[in-house]
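To start, the structure itself, in C-alpha coordinates.
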Amino acid sequence: MKTDVAVIGGGAIGAAIAYFLRVHPRSCEVAVIERDPAFRLASTPRASGGIRQLFSLPENILLSKFGLDFFADFERAMAVDGEPAPIGFTRGGYLFIVPPAAIPVLQANFEIQQRHGVDVRWLDPAALKARFPSMRVDDLGAGVHSPTDGWLDPSSVLQGLRRKARTVGAQLVTGEVAAIECEGKRVRRLKLRSGETIEADHVINAAGAWAKEIAAMVGLTVPIEPMRRYEHYFEPATPIEKLPYVKDVNRLAFRPEGKGYTGGVPDLAEPRGFNFEVDHDYFERVVWPAVAHRFPPLETLKLKNTMPGLYDQNELDGNPILGPSGLENFHLAAGFSGHGLMHAPGIGRAFAELILDGGYRTIDLSRFGWQRVLDNKPCRERGIL
(Lines give C-alpha, C1' and ligand atoms only; values in the text may rest on other atoms or scores of the structure.)
Protein backbone atom coordinates (compact mmCIF):
# COMPACT_ATOMS: atom_id res chain seq x y z
CA MET A 1 0.00 0.00 0.00
CA LYS A 2 1.23 3.50 -0.82
CA THR A 3 -0.05 6.75 0.69
CA ASP A 4 1.08 10.33 1.09
CA VAL A 5 0.65 10.44 4.88
CA ALA A 6 0.43 7.54 7.33
CA VAL A 7 -0.93 8.39 10.76
CA ILE A 8 -0.15 5.88 13.51
CA GLY A 9 -2.97 6.04 16.06
CA GLY A 10 -6.66 6.47 15.31
CA GLY A 11 -7.82 8.34 18.41
CA ALA A 12 -9.04 11.94 18.41
CA ILE A 13 -5.66 13.37 17.38
CA GLY A 14 -5.10 10.93 14.53
CA ALA A 15 -8.65 11.21 13.25
CA ALA A 16 -8.56 15.01 13.35
CA ILE A 17 -5.26 15.09 11.44
CA ALA A 18 -6.72 12.80 8.79
CA TYR A 19 -9.86 14.92 8.44
CA PHE A 20 -7.98 18.20 8.01
CA LEU A 21 -5.50 16.68 5.56
CA ARG A 22 -8.40 15.52 3.42
CA VAL A 23 -10.40 18.78 3.43
CA HIS A 24 -7.35 21.00 2.81
CA PRO A 25 -7.47 22.74 -0.61
CA ARG A 26 -4.40 20.71 -1.62
CA SER A 27 -5.58 17.49 -0.03
CA CYS A 28 -3.47 14.34 -0.02
CA GLU A 29 -3.94 10.62 0.46
CA VAL A 30 -3.92 9.64 4.12
CA ALA A 31 -4.12 6.33 5.96
CA VAL A 32 -4.84 6.08 9.69
CA ILE A 33 -3.53 2.91 11.30
CA GLU A 34 -5.24 1.76 14.49
CA ARG A 35 -4.57 -1.59 16.14
CA ASP A 36 -7.65 -1.48 18.41
CA PRO A 37 -10.65 -0.22 16.38
CA ALA A 38 -12.94 -0.97 19.33
CA PHE A 39 -10.79 1.46 21.40
CA ARG A 40 -10.96 -0.78 24.46
CA LEU A 41 -7.87 0.77 26.04
CA ALA A 42 -7.68 4.06 24.13
CA SER A 43 -7.39 7.32 26.00
CA THR A 44 -9.98 9.35 24.07
CA PRO A 45 -13.12 7.50 25.27
CA ARG A 46 -11.77 7.62 28.84
CA ALA A 47 -11.22 11.39 28.84
CA SER A 48 -13.18 13.88 30.92
CA GLY A 49 -14.34 15.77 27.83
CA GLY A 50 -13.48 19.27 29.02
CA ILE A 51 -12.54 22.17 26.71
CA ARG A 52 -11.15 25.30 28.33
CA GLN A 53 -9.19 28.40 27.48
CA LEU A 54 -7.74 28.82 30.97
CA PHE A 55 -4.09 28.40 30.06
CA SER A 56 -1.02 30.60 30.38
CA LEU A 57 0.60 29.82 27.03
CA PRO A 58 -0.97 31.64 24.07
CA GLU A 59 -0.60 28.53 21.90
CA ASN A 60 -2.83 26.51 24.22
CA ILE A 61 -5.37 29.31 24.54
CA LEU A 62 -5.63 29.64 20.77
CA LEU A 63 -5.88 25.87 20.27
CA SER A 64 -8.78 25.81 22.72
CA LYS A 65 -10.50 28.78 21.08
CA PHE A 66 -10.44 26.99 17.75
CA GLY A 67 -11.56 23.75 19.40
CA LEU A 68 -14.55 25.43 21.04
CA ASP A 69 -15.76 26.82 17.72
CA PHE A 70 -15.18 23.49 16.00
CA PHE A 71 -17.08 21.52 18.64
CA ALA A 72 -19.91 24.04 18.75
CA ASP A 73 -20.55 23.27 15.06
CA PHE A 74 -19.57 19.60 15.25
CA GLU A 75 -23.08 18.13 15.05
CA ARG A 76 -23.71 19.88 11.73
CA ALA A 77 -20.22 19.90 10.21
CA MET A 78 -19.49 16.24 10.95
CA ALA A 79 -22.87 15.03 9.67
CA VAL A 80 -22.72 12.19 7.15
CA ASP A 81 -25.49 11.60 4.60
CA GLY A 82 -27.74 14.00 6.47
CA GLU A 83 -27.25 12.19 9.79
CA PRO A 84 -25.99 14.68 12.42
CA ALA A 85 -23.16 13.92 14.82
CA PRO A 86 -24.32 14.97 18.30
CA ILE A 87 -21.58 15.15 20.97
CA GLY A 88 -23.44 16.62 23.96
CA PHE A 89 -21.50 19.87 23.70
CA THR A 90 -22.32 21.98 26.77
CA ARG A 91 -21.00 25.47 27.50
CA GLY A 92 -21.18 24.95 31.24
CA GLY A 93 -18.08 27.05 31.94
CA TYR A 94 -14.86 26.41 33.83
CA LEU A 95 -13.83 27.65 37.26
CA PHE A 96 -10.23 27.73 38.49
CA ILE A 97 -9.88 28.33 42.22
CA VAL A 98 -6.67 29.04 44.13
CA PRO A 99 -5.46 29.75 47.69
CA PRO A 100 -4.13 33.25 48.54
CA ALA A 101 -0.53 32.26 47.80
CA ALA A 102 -1.39 31.45 44.17
CA ILE A 103 -3.19 34.72 43.40
CA PRO A 104 -0.22 36.30 41.53
CA VAL A 105 0.00 33.39 39.07
CA LEU A 106 -3.78 33.31 38.58
CA GLN A 107 -3.76 37.07 38.01
CA ALA A 108 -0.95 36.88 35.45
CA ASN A 109 -2.72 34.09 33.57
CA PHE A 110 -6.02 35.99 33.76
CA GLU A 111 -4.40 38.98 32.07
CA ILE A 112 -2.91 36.81 29.31
CA GLN A 113 -6.30 35.22 28.71
CA GLN A 114 -7.96 38.62 28.48
CA ARG A 115 -5.39 39.80 25.95
CA HIS A 116 -6.24 36.81 23.78
CA GLY A 117 -9.96 37.51 23.81
CA VAL A 118 -11.10 34.96 26.37
CA ASP A 119 -14.32 35.74 28.24
CA VAL A 120 -13.01 35.47 31.82
CA ARG A 121 -14.38 36.82 35.11
CA TRP A 122 -12.32 37.43 38.25
CA LEU A 123 -14.11 36.31 41.43
CA ASP A 124 -12.92 37.09 44.94
CA PRO A 125 -14.04 34.81 47.81
CA ALA A 126 -17.20 36.83 48.45
CA ALA A 127 -18.15 36.68 44.78
CA LEU A 128 -17.40 32.95 44.69
CA LYS A 129 -19.67 32.38 47.67
CA ALA A 130 -22.45 34.47 46.17
CA ARG A 131 -22.23 32.59 42.87
CA PHE A 132 -21.71 29.11 44.34
CA PRO A 133 -23.25 29.10 47.85
CA SER A 134 -22.34 25.44 48.50
CA MET A 135 -18.63 26.16 48.06
CA ARG A 136 -16.25 26.54 50.99
CA VAL A 137 -14.26 29.72 50.35
CA ASP A 138 -12.55 30.59 53.64
CA ASP A 139 -9.24 29.10 52.42
CA LEU A 140 -9.47 30.54 48.90
CA GLY A 141 -7.84 33.66 47.52
CA ALA A 142 -9.68 34.00 44.21
CA GLY A 143 -11.18 32.23 41.23
CA VAL A 144 -11.39 32.76 37.48
CA HIS A 145 -14.59 31.78 35.67
CA SER A 146 -14.77 31.26 31.90
CA PRO A 147 -18.49 30.89 31.09
CA THR A 148 -18.09 29.98 27.41
CA ASP A 149 -15.85 26.96 28.06
CA GLY A 150 -17.46 23.58 28.52
CA TRP A 151 -17.44 19.86 27.87
CA LEU A 152 -18.68 17.09 25.58
CA ASP A 153 -18.92 13.34 25.21
CA PRO A 154 -15.48 12.01 24.19
CA SER A 155 -16.69 8.76 22.62
CA SER A 156 -19.15 10.61 20.39
CA VAL A 157 -16.41 12.99 19.27
CA LEU A 158 -14.10 10.09 18.39
CA GLN A 159 -16.75 8.23 16.41
CA GLY A 160 -17.89 11.41 14.66
CA LEU A 161 -14.37 12.36 13.63
CA ARG A 162 -13.53 8.89 12.35
CA ARG A 163 -16.75 8.56 10.40
CA LYS A 164 -16.30 11.98 8.79
CA ALA A 165 -12.61 11.36 8.03
CA ARG A 166 -13.56 8.15 6.22
CA THR A 167 -16.35 9.94 4.34
CA VAL A 168 -13.99 12.61 3.03
CA GLY A 169 -11.56 9.98 1.79
CA ALA A 170 -9.21 8.94 4.58
CA GLN A 171 -8.38 5.25 4.75
CA LEU A 172 -8.89 3.72 8.19
CA VAL A 173 -6.61 0.71 8.46
CA THR A 174 -6.88 -1.89 11.20
CA GLY A 175 -3.41 -3.10 12.05
CA GLU A 176 -0.48 -2.85 14.43
CA VAL A 177 2.79 -1.27 13.38
CA ALA A 178 5.54 -3.80 14.11
CA ALA A 179 8.51 -2.03 12.53
CA ILE A 180 9.45 1.13 10.68
CA GLU A 181 12.02 1.01 7.90
CA CYS A 182 14.25 4.04 7.32
CA GLU A 183 16.71 5.03 4.63
CA GLY A 184 19.09 7.77 5.63
CA LYS A 185 17.16 10.53 7.35
CA ARG A 186 13.75 9.46 6.06
CA VAL A 187 11.12 6.88 6.91
CA ARG A 188 10.30 4.74 3.89
CA ARG A 189 7.71 2.23 5.00
CA LEU A 190 5.76 0.77 7.90
CA LYS A 191 5.57 -2.95 8.45
CA LEU A 192 2.39 -4.19 10.11
CA ARG A 193 2.22 -7.27 12.27
CA SER A 194 -0.04 -8.81 9.62
CA GLY A 195 2.85 -8.64 7.14
CA GLU A 196 1.35 -5.78 5.15
CA THR A 197 3.60 -2.83 4.34
CA ILE A 198 2.63 0.82 3.96
CA GLU A 199 4.89 3.22 2.10
CA ALA A 200 4.40 6.89 2.97
CA ASP A 201 5.96 10.25 2.24
CA HIS A 202 5.19 11.37 5.79
CA VAL A 203 4.55 9.39 8.98
CA ILE A 204 2.82 10.96 11.98
CA ASN A 205 3.16 9.33 15.39
CA ALA A 206 -0.20 10.03 17.06
CA ALA A 207 -0.10 6.92 19.23
CA GLY A 208 -0.77 8.76 22.48
CA ALA A 209 0.38 6.81 25.53
CA TRP A 210 2.06 4.34 23.14
CA ALA A 211 3.99 7.07 21.27
CA LYS A 212 7.27 6.20 23.01
CA GLU A 213 7.17 2.65 21.63
CA ILE A 214 6.54 3.90 18.09
CA ALA A 215 9.32 6.50 18.36
CA ALA A 216 11.76 3.80 19.50
CA MET A 217 11.22 2.03 16.17
CA VAL A 218 13.11 4.86 14.45
CA GLY A 219 15.72 5.16 17.19
CA LEU A 220 14.18 8.12 19.01
CA THR A 221 13.87 8.41 22.78
CA VAL A 222 10.97 10.68 23.68
CA PRO A 223 10.02 11.86 27.20
CA ILE A 224 6.45 10.58 26.89
CA GLU A 225 5.20 8.03 29.40
CA PRO A 226 1.81 6.38 30.01
CA MET A 227 0.35 7.68 33.27
CA ARG A 228 -2.74 6.11 34.81
CA ARG A 229 -5.54 8.38 35.97
CA TYR A 230 -9.15 7.71 36.97
CA GLU A 231 -12.42 9.18 35.80
CA HIS A 232 -14.95 8.71 38.61
CA TYR A 233 -18.70 9.17 38.33
CA PHE A 234 -20.46 9.99 41.58
CA GLU A 235 -23.88 11.22 42.64
CA PRO A 236 -24.82 13.37 45.65
CA ALA A 237 -27.65 12.55 48.03
CA THR A 238 -28.81 16.17 47.90
CA PRO A 239 -28.56 18.30 44.74
CA ILE A 240 -26.77 21.66 44.93
CA GLU A 241 -26.56 24.65 42.61
CA LYS A 242 -25.40 24.12 39.03
CA LEU A 243 -21.61 23.96 38.89
CA PRO A 244 -19.14 24.61 36.08
CA TYR A 245 -16.09 22.43 35.53
CA VAL A 246 -14.17 23.03 38.79
CA LYS A 247 -10.37 22.75 39.04
CA ASP A 248 -7.94 23.66 41.84
CA VAL A 249 -4.19 23.74 42.43
CA ASN A 250 -4.26 20.29 44.05
CA ARG A 251 -5.56 18.77 40.78
CA LEU A 252 -9.14 18.26 41.90
CA ALA A 253 -11.14 18.43 38.67
CA PHE A 254 -14.81 17.55 38.22
CA ARG A 255 -17.90 18.65 36.30
CA PRO A 256 -21.62 17.94 36.13
CA GLU A 257 -22.71 14.79 34.33
CA GLY A 258 -26.27 13.50 34.35
CA LYS A 259 -27.58 13.32 37.90
CA GLY A 260 -24.10 13.66 39.37
CA TYR A 261 -20.52 14.55 38.54
CA THR A 262 -17.54 13.08 36.72
CA GLY A 263 -13.91 13.77 37.50
CA GLY A 264 -11.14 12.98 39.90
CA VAL A 265 -7.71 13.93 41.23
CA PRO A 266 -4.90 12.79 38.89
CA ASP A 267 -1.73 11.88 40.78
CA LEU A 268 1.49 13.04 39.09
CA ALA A 269 3.41 10.64 41.37
CA GLU A 270 1.57 7.69 39.81
CA PRO A 271 4.12 5.08 38.63
CA ARG A 272 4.39 5.22 34.85
CA GLY A 273 3.31 2.25 32.81
CA PHE A 274 0.39 0.57 31.05
CA ASN A 275 -1.65 -0.06 34.16
CA PHE A 276 -5.43 -0.35 33.84
CA GLU A 277 -6.07 -1.83 37.27
CA VAL A 278 -8.36 0.11 39.60
CA ASP A 279 -7.29 1.05 43.12
CA HIS A 280 -10.74 0.84 44.67
CA ASP A 281 -9.65 2.80 47.75
CA TYR A 282 -8.35 5.79 45.78
CA PHE A 283 -11.69 7.56 45.53
CA GLU A 284 -12.44 7.31 49.23
CA ARG A 285 -8.86 8.13 50.20
CA VAL A 286 -8.18 11.05 47.84
CA VAL A 287 -11.13 12.24 45.76
CA TRP A 288 -14.02 12.14 48.23
CA PRO A 289 -12.21 14.21 50.90
CA ALA A 290 -11.22 16.82 48.30
CA VAL A 291 -14.77 17.15 46.95
CA ALA A 292 -16.33 17.20 50.43
CA HIS A 293 -13.86 19.81 51.65
CA ARG A 294 -14.63 22.19 48.81
CA PHE A 295 -18.39 21.50 48.68
CA PRO A 296 -19.52 20.27 52.12
CA PRO A 297 -23.08 19.39 50.93
CA LEU A 298 -21.51 16.81 48.59
CA GLU A 299 -20.10 14.87 51.54
CA THR A 300 -22.91 12.34 51.18
CA LEU A 301 -22.02 11.52 47.58
CA LYS A 302 -22.03 7.95 46.32
CA LEU A 303 -19.46 6.55 43.91
CA LYS A 304 -21.12 4.83 40.95
CA ASN A 305 -18.27 4.03 38.58
CA THR A 306 -14.49 4.33 38.18
CA MET A 307 -12.82 4.18 34.78
CA PRO A 308 -9.02 4.01 34.47
CA GLY A 309 -7.31 5.64 31.52
CA LEU A 310 -3.89 6.84 30.42
CA TYR A 311 -2.39 10.26 29.87
CA ASP A 312 0.42 10.49 27.30
CA GLN A 313 2.40 12.44 29.86
CA ASN A 314 5.25 14.57 28.54
CA GLU A 315 7.74 14.40 31.39
CA LEU A 316 9.68 17.38 30.03
CA ASP A 317 6.98 20.03 30.40
CA GLY A 318 3.45 18.63 30.05
CA ASN A 319 2.92 20.07 26.57
CA PRO A 320 2.75 18.20 23.26
CA ILE A 321 5.71 17.49 21.01
CA LEU A 322 4.75 18.39 17.47
CA GLY A 323 6.27 18.13 14.02
CA PRO A 324 9.43 16.61 12.56
CA SER A 325 11.39 14.65 15.14
CA GLY A 326 14.87 13.49 14.29
CA LEU A 327 13.95 12.26 10.80
CA GLU A 328 12.81 14.60 8.06
CA ASN A 329 9.43 12.99 7.51
CA PHE A 330 8.71 11.40 10.90
CA HIS A 331 6.45 13.68 12.91
CA LEU A 332 5.35 13.56 16.53
CA ALA A 333 1.84 14.51 17.60
CA ALA A 334 1.88 13.24 21.17
CA GLY A 335 2.60 14.15 24.77
CA PHE A 336 -0.63 16.11 25.32
CA SER A 337 -0.70 15.20 29.02
CA GLY A 338 -4.49 15.29 29.31
CA HIS A 339 -5.23 18.08 26.82
CA GLY A 340 -5.39 16.05 23.62
CA LEU A 341 -9.13 15.88 23.07
CA MET A 342 -9.75 19.60 23.54
CA HIS A 343 -6.88 20.47 21.21
CA ALA A 344 -7.47 17.78 18.58
CA PRO A 345 -9.18 20.09 16.05
CA GLY A 346 -6.42 22.69 16.24
CA ILE A 347 -3.73 20.01 15.99
CA GLY A 348 -5.45 18.51 12.96
CA ARG A 349 -5.48 21.87 11.20
CA ALA A 350 -1.88 22.56 12.23
CA PHE A 351 -0.59 19.32 10.71
CA ALA A 352 -2.47 19.93 7.47
CA GLU A 353 -0.67 23.28 7.30
CA LEU A 354 2.68 21.82 8.27
CA ILE A 355 2.60 19.11 5.62
CA LEU A 356 0.62 20.71 2.80
CA ASP A 357 1.52 24.41 3.23
CA GLY A 358 5.08 23.86 4.39
CA GLY A 359 4.59 25.48 7.80
CA TYR A 360 2.12 26.72 10.39
CA ARG A 361 -0.29 29.34 9.03
CA THR A 362 -2.92 30.00 11.71
CA ILE A 363 -1.32 29.19 15.09
CA ASP A 364 2.48 29.11 15.33
CA LEU A 365 3.17 25.95 17.32
CA SER A 366 6.91 25.90 16.71
CA ARG A 367 7.61 26.28 20.45
CA PHE A 368 6.15 22.79 20.85
CA GLY A 369 8.66 21.33 18.40
CA TRP A 370 11.33 18.67 18.84
CA GLN A 371 14.17 21.16 19.29
CA ARG A 372 13.17 21.98 22.86
CA VAL A 373 13.53 18.29 23.72
CA LEU A 374 17.03 18.20 22.25
CA ASP A 375 17.93 21.41 24.09
CA ASN A 376 16.22 20.26 27.32
CA LYS A 377 14.36 23.57 27.46
CA PRO A 378 10.87 22.97 28.87
CA CYS A 379 7.94 25.09 27.72
CA ARG A 380 5.62 24.80 30.70
CA GLU A 381 2.19 26.03 31.65
CA ARG A 382 2.02 28.15 34.81
CA GLY A 383 -0.56 27.54 37.49
CA ILE A 384 -3.29 24.94 37.31
CA LEU A 385 -2.68 22.21 34.75
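The values are calculated or read from the model by the stated rules, or taken from the named source; none is laboratory data. Remember, it's a predicted structure, so these values are computed and weren't measured experimentally. Virtual Cβ from ideal backbone geometry, glycine too; neighbours counted across all protein chains shown. For the accessible areas, the whole protein counts, side chains as well, though only heavy atoms, and no ligand, DNA or RNA atoms are used. Shrake-Rupley method; radii C 1.70, N 1.55, O 1.52, S 1.80 Å.
When each of Y261, Y233 is tested for being touching a helix residue (DSSP H, G or I) at 6+ places or on another chain (Cβ under 9 Å), assigned to a strand (DSSP E or B), among the hydroxyl-bearing types (S, T, Y) and surrounded by 15 or more Cβ atoms within 10 Å (Cβ to Cβ), the lone residue that passes is Y261. Within region 4-41, if we keep just the residues that are among the acidic types (D, E) and not in a loop (DSSP other than H, G, I, E, B), the residue that is nearest to M78 (Cα to Cα) turns out to be E34. Taking region 344-361 as the range and being surrounded by 14 or more Cβ atoms within 10 Å (Cβ to Cβ) and farther than 27 Å from S156 by Cα as the test, the residues that pass are L354, I355, L356, Y360. So is E315 without any contact (Cβ under 8 Å) to a residue 12 or more places away in the chain and open to solvent by 10 Å² or more (accessible area, probe 1.4 Å) or not? Against the criterion (without any contact (Cβ under 8 Å) to a residue 12 or more places away in the chain and open to solvent by 10 Å² or more (accessible area, probe 1.4 Å)), E315 does not qualify. Scanning region 275-312 for residues that are open to solvent by less than 40 Å² (accessible area, probe 1.4 Å) and more than 26 Å from T44 (Cβ to Cβ) yields A292, R294, F295, L298, L301. Residues of region 183-211 that are under 30 Å from R228 (Cβ atoms), surrounded by 18 or more Cβ atoms within 10 Å (Cβ to Cβ) and either among the small types (G, A, S) or without any contact (Cβ under 8 Å) to a residue 40 or more places away in the chain (or both): A206, A207, G208, A209, A211. On the given criteria, is K242 among the basic types (K, R), open to solvent by 50 Å² or more (accessible area, probe 1.4 Å) and farther than 22 Å from L41 by Cα? So K242 passes the test. Only residues that are basic (K, R) and crowded, with 20+ Cβ neighbours inside 10 Å were counted across region 245-258, and they come to 2. Among the criteria (1) under 13 Å from S325 (Cα atoms); (2) basic (K, R); (3) assigned to a strand (DSSP E or B), the one K212 does not fulfil is (3). Against the definition (hydroxyl-bearing (S, T, Y) and under 30 Å from S325 (Cα atoms)), how does T262 come out, yes or no? Here the answer is no, as T262 does not meet what is asked. Within region 48-63, the set of residues being open to solvent by 20 Å² or more (accessible area, probe 1.4 Å) and in contact with a strand residue (DSSP E or B) (Cβ under 7 Å, 6 or more places away or on another chain) comprises just one member, S48. Pairs linking a residue in region 10-24 that is touching a residue at least 12 places away in the same chain (Cβ under 8 Å) and under 12 Å from I347 (Cβ atoms) to a residue that is of a type in the set (D, E, K, R) and open to solvent by less than 20 Å² (accessible area, probe 1.4 Å), with Cβ atoms under 9 Å and 6 or more positions apart or on different chains, are F20/E353.
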